[in-house]
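Data first, discussion second: the structure below is written as structure tokens.
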Amino acid sequence: MRLRLTALVRHDFLSAVRRVFDRMAYVLEQPLVIREPFRALDAIVVLGAPLGPDDVLSPIGAERVEAAAALWRAGGGRLVVASGGVTAGAARAEADVMADALRALGVSEVIVERGSQTTLENARRSKPLLDARGVRSLWIVTQPFHGRRSARLFRDAGFDAHVWHIADSVEYRDRRRALRWIVREYAAWARLLVRAR
């Protein structure tokens, strides 16, 4: 009986903690998330994410690639840019692994930007590749918490940038992890705003 009561108390406590994480993540992510209606733009940029073991896409990267491919198939843009360099000790650039996955999903025109290490560099290093193809408007594909800052950086680079909202993102399924991402995103915003002064 005592064991059953202890298990019940533990379950109730863990449920309460999960509800707190969920509520905190929900409140903090609201100013960061952008939801825009679909329309055809010139291009789609899928932002890099650290690779998993053996240089495979992490769940975050795979989510971005799948969303970008679906957006491309729907007519969201005529080409897709895979952006991201070598990070976290990987042997390959994030962009190369994403480009392989995009092609496997049927995307016929993939441009690879393999030099960037940050979102700011994603925007700056994608610019000459996109300018050469006459791209002015684009979708950015990333997790929802990362959309607003990404759009700002791509707009600062001279693009009419919009954010594709991944409605079933891992961000909404794993709230404890999302809370860590969101806190880091606020820190990135603080650095961006200080640098802008």
Point to revise | Residue check for Ala101: in contact (Cβ under 8 Å) with a residue 40 or more places away in the chain, open to solvent by 20 Å² or more (accessible area, probe 1.4 Å) and either touching a helix residue (DSSP H, G or I) at 6+ places or on another chain (Cβ under 7 Å) or polar (S, T, N, Q) (or both) | key: yes
Check your understanding: Which of the residues that make up segment 120-154 are over 17 Å from Ala67 (Cβ atoms) and either β-branched (Val, Ile, Thr) or at pLDDT below 95 (or both)?
Key -> Val135
Check your understanding: Under 7 Å by Cβ, and 6 or more places apart or on different chains, what pairs join a residue from segment 4-26 that is hydrophobic (A, V, I, L, M, F, W, C) with one that is modelled with pLDDT of 80 or more?
Key -> Phe21/Arg175; Phe21/Arg176; Phe21/Leu179; Met24/Leu179; Ala25/Arg175; Ala25/Ala178; Ala25/Leu179; Ala25/Ile182
Practice item. Specify the residue that is most open to solvent (accessible area, probe 1.4 Å); the eligible residues are those in segment 149-197 that are of a type in the set (Phe, Trp, Tyr) and over 15 Å from Leu120 (Cα atoms). Key: Tyr186
Practice item. Could you please find all residues in segment 61-72 being closer than 18 Å to Ala90 by Cα and surrounded by fewer than 22 Cβ atoms within 10 Å (Cβ to Cβ)? Key: Ala62
**Study point:** Cβ-Cβ under 7 Å pairs, at least 6 apart or on other chains, segment 167-191 side under 13 Å from Pro144 (Cβ atoms) and free of Cβ contacts under 8 Å to residues at least 60 places away in the same chain, far side open to solvent by less than 40 Å² (accessible area, probe 1.4 Å) and charged (D, E, K, R)
**Key:** Trp181/Glu171
Practice item. Look at Asp96 and say whether it is open to solvent by less than 50 Å² (accessible area, probe 1.4 Å), at pLDDT 95 or above and not small (Gly, Ala, Ser). Key: yes
Review point. Just wondering, is there one or more residues in segment 156-173 that are at negative phi, assigned to a helix (DSSP H, G or I), within 12 Å of the chain's Cα centre (by Cα) and not hydroxyl-bearing (Ser, Thr, Tyr)?
Key: yes
Practice item. Considering every residue within segment 131-149, establish whether at least one is among the basic types (Lys, Arg) and under 14 Å from the mean Cα position of the chain (by Cα). Key: yes
Review point. Pairs, please: C-beta under 7 Å, at least 6 apart or cross-chain, first residue within 15 Å of Ala161 (Cα to Cα) and open to solvent by 20 Å² or more (accessible area, probe 1.4 Å) and in segment 114-131, second assigned to a helix (DSSP H, G or I) and not aromatic (Phe, Trp, Tyr)?
Key: Leu120/Leu153
Review point. So how many residues does segment 139-166 have that are touching a strand residue (DSSP E or B) at 6+ places or on another chain (Cβ under 7 Å) and without any contact (Cβ under 8 Å) to a residue 40 or more places away in the chain?
Key: 3
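The values are calculated or read from the model by the stated rules, or taken from the named source; none is laboratory data. It should be emphasised that the depicted structure is a prediction, and the values quoted were computed from it without experimental measurement. As a convention, Cβ positions derive from the backbone with ideal geometry for all residues, glycine included, and neighbour counts pool all protein chains shown. Note: accessible area is taken over every heavy atom of the protein model, side chains too, but ligands, DNA and RNA are not part of it. Shrake-Rupley method; radii C 1.70, N 1.55, O 1.52, S 1.80 Å.
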